[in-house]
There are 2 protein chains.
Amino acid sequence: MSYKTDIEIAREANKLPIQEIGAKLGIDSKDLLPYGHDKAKVSQEYINSVQGNENGKLILVTAINPTPAGEGKTTTTVGLGDGLNRIGKKAAVCIREASLGPNFGMKGGAAGGGYAQVVPMEEMNLHFTGDFHAITSAHSLLSAMIDNHIYWGNELEIDVRRVAWRRVVDMNDRALRQITASLGGVSNGFPRETGFDITVASEVMAILCLATNLSDLQKRLGDIIVAYRRDRSPVFCRDIQADGAMTVLLKDAMQPNLVQTLENNPAFVHGGPFANIAHGCNSVIATTTALKIADYVVTEAGFGADLGAEKFMNIKCRKAGLAPDCVVLVATVRAMKMNGGVAKADLGAENVDAVNEGCANLGRHIGNLKSFGVPVVVAINHFVTDTDAEVQAVKDYVASQGSEAILSQHWEHGSKGSEALATRVAEIADSGISQFAPIYEDDMPLFEKVETIAKRIYHADEVIADKKIRDQLKIWEEQGYGNLPVCMAKTQYSFSTDPTQRGAPVGHSVPVREVRLSAGAGFIVVVCGDIMTMPGLPRNPAAKTIQLNDDGQIEGLF
Amino acid sequence: MSYKTDIEIAREANKLPIQEIGAKLGIDSKDLLPYGHDKAKVSQEYINSVQGNENGKLILVTAINPTPAGEGKTTTTVGLGDGLNRIGKKAAVCIREASLGPNFGMKGGAAGGGYAQVVPMEEMNLHFTGDFHAITSAHSLLSAMIDNHIYWGNELEIDVRRVAWRRVVDMNDRALRQITASLGGVSNGFPRETGFDITVASEVMAILCLATNLSDLQKRLGDIIVAYRRDRSPVFCRDIQADGAMTVLLKDAMQPNLVQTLENNPAFVHGGPFANIAHGCNSVIATTTALKIADYVVTEAGFGADLGAEKFMNIKCRKAGLAPDCVVLVATVRAMKMNGGVAKADLGAENVDAVNEGCANLGRHIGNLKSFGVPVVVAINHFVTDTDAEVQAVKDYVASQGSEAILSQHWEHGSKGSEALATRVAEIADSGISQFAPIYEDDMPLFEKVETIAKRIYHADEVIADKKIRDQLKIWEEQGYGNLPVCMAKTQYSFSTDPTQRGAPVGHSVPVREVRLSAGAGFIVVVCGDIMTMPGLPRNPAAKTIQLNDDGQIEGLF
């Protein structure tokens, strides 16, 4: 039996005009700002008008630690959303936007897979509605205004060696990682070292995704620390007077994008911050808007639950006043086998023992998630090669952990395959049993926050940090930043900081290499390992084969 | 008497849904890709479907050399378009898009002025439909792929000292004019000098504006020379295999944008290449599409007629097979007075003598334009301070030059004020008297092309160029580029290369500083003077005061 590729399925989609998708949520066509016939932004006026509505139920989809087998977190998010609609619930999906640049390195990512996808796939992987371009522009304006301030006399006394604000571009361009700028003489400014990150790593991206409205956006932009003086006192974006113009550049981008699933159900696709140096979730405004107009909102967090769900709950939910009513933890039989030591090439053969062994990773995530007070359902994202005995092994293990696992076949059958999962998730969400709380309080000292996550989520023995790093955290506490949450940047492949340690490692330490203050976004980034904020292109980038075919369709992007 | 500002008038506009504007030209709403409710792109499918139609009449609006008094070329273009519609003609306007970056330096430009404007003004000065962002992305992809090629072994043997392709950003950022990139060690590549231009200076912009369709676009992108080897042989974009992916990134941007005038008449706003190192006209595809669906198309060229109209005719018309049926030369009484030696502060007082003296500039443009075989009408763009005697002086002078001048009051009265101009222009266009031909043949040697323009248009005595420059032109001729037109880059303020020489200078020389080959765009750039391809921000950039007001409107942009 042969299966169609994601792009083949996506191209066969019977898309409805976006106005009809909006109508399912009660959005009038005048409140939708169309971008072509199948994409729209929801107007700020409409968002303001629904603030008095009751909130729907919030369902978070997260996953075990990623393996090369692929877990299908977005696929399950979309499949569950379609499943909820199938059983008669008014449900919407909220996911992140894709970054343009990386698609020219490796083939682009579909939003979901099989019969659980969001469309239009090509546009979502290219310019979409221009949000990331707006973020690049706003970031670039601040960059230019900082050097312009220095050029015209540096009234704020910025130490040119301590400009913290780098530049960004939405392209994988390793040549720009480190540069010397302002060369060429007097009229070009004062030479200094700087560099470019990819746009999704911009603090502006994190800010856009955490801002609750336009005035909050401007306030947060103003709070960005762009540089320091010789006395180490910070210079803010507000001091440079860039916050107003940046807000103007981001005005349209703040409005969530509405598209549709293959089954013509509403999907909000908005924002896409890095999941390491930022919190890795779609925008707060998309989630809060969806909650006002849908009865069930299915959203996802980046990477595995140790990083993504932890940040979703400790950062996004804390800051936005959100509380998940149910958490869906995605696992696959194949990923369990890889966690149990099976190589990717051998995944085809039944291996119940390996499944059982690999379940330790799953079990730890279940326990971690429960520690936030939320009910957890495991979704076994079905692959056609899974055997009944393997699936049963996962179910039995999850039951032994006091939770339940449900097989879901949305990839192959769309909402027909996710009906059981949707039914159970709706029951749990409706039951009101969730008792969500972040796992640390705002007033806990910063280093203790790091220790809390390391010990309770990563199950590490200790956190190792130089005196310099601990001192830095203390300085920020003295400056009034001690109440911020911490944003952990570590490998997504393991609970530990060693990407090869699958399963549920114990006895490990978490070394902190660096800490960074994202004062506008409102978190302290804790870097534990190598974090790449500007990817490079591979030897044979996908771009070499991306082209339009004779029918005007895009080839090579997927 | 006090007058409303452009932005006040624009905000009072009774805009129609863009589908109703399209309907005026027979475009079905399915063939319009909306961007919000007041902007749309015309689909490629629709463009293909109208190729069999007869062409309408093409009217070029150009101007005398710009003065600080302002001539109102775009205002007249819009006013004439509205005037033609008023007298019952099916007319459309074609103008350029604005660049985002410069708006944050000085206040942004309206598209037109008074009661002759194109709206929505804010969006047109910000992200609009994302065309310039797409150009930045396509340019950036090629930049990244060149350094990536070098990084992975440099199979094409690019001389890293001779990479011709710079980077771009749509922001005034002087700090990026000259940089050293690829610093930081082995994993970041080979350090080399490079720099950024502003996006409108990208050859990709010029290419998009000259390409006739998507396959021509890809062919031209492939033709870009990105670098040279040690033996000086060129390396093309096609060799880097970036042309296909760049075309994919530009697919949507190639579709012309439709907006409306204050009087709800159709306006195409598409493309915006520099008017010095490029040809400075809106896209060929917008003009050719408009000609297929409107009976009269009013378009404009950058700067004064010596630069803008010359390039419109010798480059754009030559390449796209276009021929103007009438040329409108915009002049103002105020500009005539400045050309006649009056300072800006003294423009308020009647001064017929100065008008008479300044008319020499106008007269030379009339003669130049006629040398292309086209009929010329002078539009006197009325200012409320102009006296009857001053206006009559211009009319008399123009009559003495064998042409006619018509007073037009579109700024104050909209189409009611431009009815007379529209009536006369339509008569001339309909008469078929235009005998358009470029002023040099394709097969003329490159240096002779420069001399032809300098002597016949600038009325210079000679062109001065080093042997090195003459040799370079010969090498390009040997390589097969001798049939290209030349694209002059000189000051727009004078017929000469000295911006202070107003009027109609004689006895001057044109020194050529540098020549550049834009092999993809298809012209040789001849640089005569300082050309800035990356502007800087002023001491107090407009960005400092740009912000959203309490009603969500943008303040400080205009």
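Counting, for every residue in B:184-193, the Cβ atoms of other protein chains within 10 Å of its Cβ and taking the mean gives 4.
On the beta carbon distance between B:Asp461 and A:Glu193, with R0 = 51 Å, the FRET formula returns roughly 0.55. Spin-label pair B:Ser371-A:Asp396: with each label point 7 Å from Cα along the Cα-Cβ axis, the two points sit 9.4 nm from one another.
Close amide H pairs (under 5 Å, H built 1.01 Å from N) link A:Cys487 with A:Ile524, A:Val525, A:Val526, residues at least 5 positions away or on another chain. Spin-label model, A:Ile433/A:Asp388: points 7 Å from Cα along the beta carbon direction are separated by 2.8 nm. Qualifying GluC sites (Glu not before Pro) in region A:380-458, where qualification requires a DSSP coil assignment and no more than 14 other C-beta atoms within 10 Å, comprise A:Glu441. Compactness check for region A:1-84: Cα Rg over 2.2 N^0.38 Å is 1.43. Value of Rg to Rh for region B:142-266, rounded to two decimals, is 1.06; Kirkwood radius and Rg both from alpha-carbon coordinates.
Residue order for B:Phe558, B:Phe303, A:Phe268, fewest other beta carbons within 10 angstrom first, comes to B:Phe558, B:Phe303, A:Phe268. Under the shape rule built on the C-alpha gyration tensor, where the axes satisfy a ≥ b ≥ c, region B:13-59 is oblate, since a/c reaches at least 1.5 while a/b does not exceed b/c. Counting neighbouring Cβ atoms within 10 Å and putting the fewest first, the residues A:Tyr397, B:Tyr3 line up as B:Tyr3, A:Tyr397. In region B:65-141, the inverse of the mean reciprocal separation of distinct Cα atoms equals 14.2 Å; this is its Kirkwood hydrodynamic radius.
Take every DSSP beta bridge whose two residues both sit in the protein assembly as shown; close to 45 percent of them are antiparallel. The GluC sites (Glu not before Pro) found in region B:112-177 that occupy coil by DSSP, while having at most 14 further C-beta atoms within 10 Å, are B:Glu155, B:Glu157. Label-point distances for A:Ser29 to the equivalent site in the other copies, using a point 7 angstrom along Cα→C-beta, read 0.4 nm when ranked shortest first.
Ranked for footprinting exposure by Cβ neighbours inside 10 Å, fewest first, A:Met205, B:Met254 give B:Met254, A:Met205. Starting from the Cα of B:Glu412, step 7 Å toward the Cβ, then list every residue of region B:97-134 with an amide N under 13 Å from that point. The answer is B:115.
Across the identical copies, the label point of A:Asp442 (7 Å from Cα in the Cβ direction) is separated from its matches by 7.2 nm, in order from shortest. Given R0 = 60 Å, the distance between the Cβ atoms of B:Glu12 and B:Arg162 translates into a calculated FRET efficiency of 0.65. Given a Förster distance of 41 Å, report the FRET efficiency between A:Lys107 and A:Thr500 from their Cβ-Cβ distance, rounded to the nearest 0.05. Efficiency, rounded to the nearest 0.05: 0.95. Around the amide H of B:Asn265, modelled in the peptide plane, lies no amide H under 5 Å away from a residue 5 or more places distant or on another chain.
Each Lys and Arg adds +1 at its Cβ and each Asp and Glu adds -1 at its Cβ; summed about the Cα centre, the protein assembly as shown shows a dipole of about 1440 debye. Legend: mean number of C-beta atoms from other chains within 10 angstrom of residue C-beta atoms, peptide B:145-152, equals 5. Hey, quick one: spin label on B:Asn483, modelled 7 Å out along Cα-Cβ, who in region B:201-220 has an amide N within reach, i.e. under 17 Å? Correct set: B:212, B:216, B:219-220.
In order along region A:240-250, the Karplus-derived 3J(HN,Hα) couplings, from 6.51 cos²θ - 1.76 cosθ + 1.60 at θ = phi - 60°, round to 7, 6, 9, 5, x, 5, 5, 5, 4, 5, 9 Hz, and Gly and Pro are given as x.
Over the protein assembly as shown, the reciprocal of the mean inverse Cα-Cα separation, the Kirkwood hydrodynamic radius, stands at 31.1 Å. When A:Ala343 is represented by a point 7 angstrom out along its Cα-to-C-beta vector, the spacings to that point in the other copies are 8.6 nm, nearest first. Would you work out if region B:478-552 is rounded, prolate or oblate? Take a ≥ b ≥ c from the square roots of the eigenvalues of the alpha-carbon gyration tensor; rounded if a/c is under 1.5, else prolate when a/b is larger than b/c, oblate otherwise. Note, shape of region B:478-552 comes out oblate. Phi angles of region A:543-558 translate, via the Karplus equation with coefficients 6.51, -1.76, 1.60 and θ = phi - 60°, into HN-Hα couplings of 3, 4, 10, 6, 6, 7, 8, 5, 8, x, 7, 7, 10, x, 7, 10 Hz per residue; Gly and Pro are given as x.
Couplings 3J(HN,Hα) of region A:335-343, computed from phi: 5, 4, 5, 5, 5, x, x, 7, 6 Hz, in residue order, whole Hz [Karplus 6.51 cos²θ - 1.76 cosθ + 1.60, θ = phi - 60°; x for Gly and Pro].
Database remark: amide H of B:Lys57 closer than 5 angstrom to the amide H of B:Tyr296, B:Val297 (H placed geometrically; neighbours at sequence offset of 5 or more, or on other chains; Pro and chain starts carry no H).
Within region B:79-234, the proportion of C-alpha pairs whose separation exceeds 25 Å stands at 46%. Where both bridge residues fall in chain A, DSSP classifies roughly 45% of the beta bridges as antiparallel. With both labels modelled 7 Å from their Cα along Cα-to-Cβ, the B:Asn264 to A:Asp443 distance reads 6.3 nm.
Sort region B:152-220 into rounded, prolate or oblate with this rule: let a ≥ b ≥ c be the square roots of the eigenvalues of the Cα gyration tensor; rounded if a/c is under 1.5, and if a/c is not under 1.5, prolate when a/b is larger than b/c, oblate otherwise. Verdict is oblate for region B:152-220. An ellipsoid equivalent to region B:305-452, defined through the eigenvalues of its Cα gyration tensor, has semi-axes of 30, 19, 12 Å when rounded to whole angstrom and sorted largest first. Using just its DSSP H runs of length 4 or more, each adding -39500 (n - 2.57), chain A gives a mean residue ellipticity at 222 nm of -9500 deg cm²/dmol after division by all residues. Just so you know, the averaged projected area of the alpha carbon convex hull for region A:423-558 sits at 14.6 nm². What is the Cα centroid distance between region B:452-506 and region A:330-361, reported in whole angstrom? Between the Cα centres of region B:452-506 and region A:330-361 lies a distance of 72 Å. For region B:338-488, the relative contact order is 19 percent, taking Cα pairs closer than 8 Å that sit 6 or more residues apart in sequence and dividing their mean separation by the residue count.
Taken together, the values in this text are just the output of simple stated rules run on the coordinates, not laboratory data. All figures in this text were calculated on a predicted structure; none of them were measured in a lab. Quick reminder, even Gly has a Cβ in these numbers, built from the backbone with ideal geometry, and neighbours come from all protein chains shown.
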